[in-house]
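To keep things clear, I will list the structure first and then write my remarks on it.
Derivation of every value follows stated rules applied to the coordinates shown; laboratory data play no part. The shown structure was predicted, so the numbers you read here are calculated from the model rather than taken from an experiment. Every residue, glycine among them, receives a Cβ derived from its backbone with ideal geometry; neighbour counts consider all protein chains shown.
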Amino acid sequence: MSIPTDRECIDYLIEAGCKKRVIIHCCTVRAVAEEMLTGIKDADGDLVIAGALLHDIGRAEDHSIMHAYIGSKMVENLGLPKELVDIVRKHTGAGLDADDVAEMGLPAGDYMPRTLEEKIVAHADNLVSDNRVVTHEHSVSKLVLKGAFRGADRVEMLHMELSDYYGADLDVISSKIGEFPKLKLIDEYDLE
Ligand SMILES: [Fe+2]
C-alpha cells in the first residue's frame, strides 16, 4: 500500500476514534514537520507528512507511553507501509533506548528514530505542546522534571542534528509559522 494522503490520514484518525484535540495536535505536528522539510531536502516528504499526521493514532486507545506501540500496531493492521509503522513506534521524545524499553515494560523492539523521516516526526512532536508550537526546551524540561535525563540529552542532540540539516536553529519555527499555525485540514472537517 502506498503512503496515504492528508485526507486519508485524517479519516484513519477519525475512524480509530481519536478525539478532536488529538487530531488538532497531529495537524500542528504536520505543520511543524512541513516547515522542517523546506530546509531538509533529503527527506521523503510524503512519508514525513503522513507520519506526522498518524504519529498519535494510538491515543485513540491509550495516553500512556504505550500509545506509540499501540499506534504502530494500528497502522500495521491498516496495511500501511512499514516505514509508517516504524515512525509511529519510534516517535516518543527522541526515542527510547533498550534500558528505557525494559524499565517501562514496553514490548521488545527498536524505539529509536534512525532514518531522517523518523527523526523529523519525533522532533516535530517535541516542538509541539498540545496545539501550540514551542521551543525544544519545553520538551527537554518536561523530561528533566520526570528524571528522564538520558531522554532529555537525546532531545538536545536530535535538535542540534536536525537544526544543522535545516540550516537554522529549529526553535525559529514558532516565529515562522506562528505559535498556533493555521490548520487548513481542520477547517475542512467538521470535527466534534
Ligand atoms: Fe505521541
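Using Cα-Cα distances under 8 Å and only pairs 6 or more residues apart, what relative contact order does the chain have, in percent?
Working: 293 pairs, mean separation 48.1, N = 192.
Reported as a whole number, the value is 25 percent.
If you average the alpha carbon positions of segment 117-168 and of segment 58-98, how far apart do those two centres end up, in angstrom?
18
Looking at the square roots a ≥ b ≥ c of the eigenvalues of the Cα gyration tensor of segment 38-114, which shape do they give, rounded for a/c under 1.5, prolate if a/b is larger than b/c, or oblate? Write down the numbers at each step before the final one.
Details: a/c = 2.01, a/b = 1.37, b/c = 1.46.
Note, shape of segment 38-114 comes out oblate.
As a check on your grasp of the helix formula, calculate [θ] at 222 nm for the chain: sum -39500 (n - 2.57) over DSSP H runs of n ≥ 4, divide by the residue count, round to the nearest 500.
Result for the chain: -18000 deg cm²/dmol, rounded to the nearest 500.
So which aspartates and glutamates can Lys41 reach, going by Cα to Cα under 15 Å and dropping same-chain residues fewer than 8 places off?
Glu117, Glu118, Glu161, Asp164
Take each complete run of DSSP H in the chain, measure how far its Cα atoms stretch along the helix's own axis, and keep only those covering 20 Å or more with mean Kyte-Doolittle hydropathy at least -1.0; list them. All intermediate terms of the calculation are to be shown ahead of the outcome.
Working: long enough: 20-39 (30 Å, 0.55); 149-166 (25 Å, -0.54).
Helix filter hits for the chain: 20-39, 149-166.
Where a ≥ b ≥ c are the square roots of the eigenvalues of the C-alpha gyration tensor, would you call segment 81-185 rounded, which needs a/c under 1.5, or, failing that, prolate if a/b is larger than b/c, or oblate? Intermediate values should be presented prior to the final figure.
On the way: a/c = 1.75, a/b = 1.41, b/c = 1.24.
Judged from the Cα gyration tensor, segment 81-185 comes out prolate (a/c at least 1.5, a/b above b/c).
How would Thr28, Thr38, Thr115 line up from fewest to most surrounding beta-carbon atoms within 10 angstrom? All intermediate terms of the calculation are to be shown ahead of the outcome.
Numbers: Thr28 26, Thr38 11, Thr115 15.
Ranking Thr28, Thr38, Thr115 by Cβ neighbours within 10 Å, fewest first, gives Thr38, Thr115, Thr28.
I'd like to know which of Ala68, Leu145, Thr38 lies farthest towards the positive end of the charge dipole of segment 6-188, counting +1 on Cβ of Lys and Arg and -1 on Cβ of Asp and Glu.
Sorting the options by dipole projection puts first Leu145.
Cross-link candidates for Lys142: which lysines have Cα within less than 22 Å, leaving aside residues fewer than 8 places away along the same chain?
By straight Cα distance, Lys142 reaches Lys90, Lys119.
5 Å is the cut-off here: which amide hydrogens, built 1.01 Å from N in the peptide plane, fall below it relative to Leu96, excluding neighbours closer than 5 in sequence?
Tyr111, Met112
Using amide H atoms built in the peptide plane, which far-off residues or other-chain residues are under 5 Å from Asp62 H to H?
Residues meeting the amide H criterion: none.
Would you kindly state the longest site-free stretch of the chain, with sites defined as trypsin sites (Lys or Arg not before Pro) in a DSSP loop (not H, G, I, E, B) surrounded by at most 16 other Cβ atoms within 10 Å?
Values: sites that count: Lys19, Lys41, Arg114, Lys146, Lys182.
Formally, the longest exposed-site-free interval is 42-113.
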